[in-house]
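Read-outs: derived from the displayed coordinates by stated rules, not from any lab. This one's a predicted model, so the numbers in the text were calculated from it and none came from an experiment. We place every Cβ from the backbone using ideal geometry, glycine too, and count neighbours over all the protein chains shown.
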């Protein structure tokens with residue numbers, strides 16, 4: 001008599017992502033640690049049936065979203081209070097690209113994001129002592145003849161280069177291209193983003209993908225949001241830098257992709273962005289630890305680095321605007337002590353441990369002091385062996401933003 005053989009237990013299979021990558025999967029539900037760390041939807045497949053770890057059906061259908069579904073991903077909160085928080089599909093903190101979201105149900109929940117353990121409530125920055133020079137920068141146009149200050153000479157090709165770079169930034173907020181390189185993805189990863197940034201991403205998408213007949217509504221809505229930001233009094237470093245970044249994105253979008261004959265960019269809006277930069281500078285551009293050549297907290301560094309990059313982008317945009325209007329540009333002496341953008345590896349670090357290890361290596365490479373923006377300008381030391389070595393050391397590790405900044409400085413000042 002044949003014995004009844006026990007049916008073998010089905011072998012637990014790795015999730016689809018780990019299978020494709022041919023790596024070990026820890027089989028955790030609803031998401032394995034590898035997918036969770038990458039902000040990816042975790043899918044388990046048995047035969048021809050796939051499901052996510054939450055039992056919500058075949059996640060393969062999530063990729064087939066209609067334009068209406070896409071437009072619902074970001075719902076702007078235009079309540080007149082841009083410091084309110086909005087829940088929206090957002091970006092992977094590793095790649096800066098849009099993450100997959102769960103199907104919209106009767107009670108949609110916030111999009112799952114990687115838990116990086118970031119806390120932006122206790123940022124330790126040093127206020128900029130001469131921040132007023134940023135706020136009053138527009139006055140130099142009328143006072144330079146009395147002070148003897150000599151305008152900087154911008155060639156047409158330099159302006160065209162900067163224009164091409166800045167024009168690419170709004171497009172990064174649509175079609176899952178990620179974020180402009182002055183916004184750190186982890187600024188907005190662990191909790192619903194500040195309303196200023198949620199509204200900004202929604203409105204820029206509407207602006208860039210506008211349908212004929214909607215121009216008037218989009219113009220008035222963006223103008224209203226810009227006015228709300230200019231009147232607002234953001235509290236906390238995260239909200240301050242997000243307001244500054246959002247207003248700058250509106251200016252770049254409106255200037256390079258105008259709607260009709262209506263311009264939202266004029267001398268008044270340039271004064272407003274400089275005032276927002278002043279508020280940001282008063283809250284601090286540099287970590288206290290950076291001044292002592294020590295490692296700051298990851299959160300403080302993210303905010304400080306994002307602020308510095310946003311300020312530099314604002315100056316580049318202002319230079320283009322002034323050139324187009326025939327207004328003289330001047331050397332940004334007030335930014336001389338500002339630290340140059342850090343390495344690509346530091347900016348793209350996705351967890352605290354890897355960032356800390358990399359920052360310690362970074363400090364060991366710069367025992368002679370971190371590179372400052374003024375070192376990229378013409379000076380008596382321009383072309384000296386010592387200066388060239390420092391710049392080359394920086395160029396070896398910098399990212400696209402730093403390389404672009406170097407190209408502009410080299411074209412104006414020499415290298």
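Seen from every direction in turn and averaged, the convex hull around the alpha carbons of the stretch 203-255 projects onto 3.6 nm². Among 36, 388, 137, a tally of other beta-carbon atoms within 10 Å of each Cβ gives an order, fewest to most, of 388, 36, 137.
Taking the Cα atoms of the stretch 341-415, the ratio Rg/Rh between the radius of gyration and the Kirkwood radius comes to 1.01. Of the Cα atoms belonging to the stretch 250-344, the radius of gyration and Dmax stand at 15.7, 51 Å.
Fewest-first ordering of 352, 43 by other beta carbons within 10 Å of each residue's beta carbon gives 352, 43. Cβ crowding within 10 Å, taken as a proxy for footprinting-reagent exposure, orders 311, 270 from fewest neighbours to most as 270, 311.
With contacts taken as Cα pairs under 8 Å at a separation of at least 6 residues, the stretch 341-415 carries a relative contact order of 45 percent. Here each label is just a point 7 Å from Cα along the line to Cβ, and for residue 26 and residue 292 those points are 3.5 nm apart.
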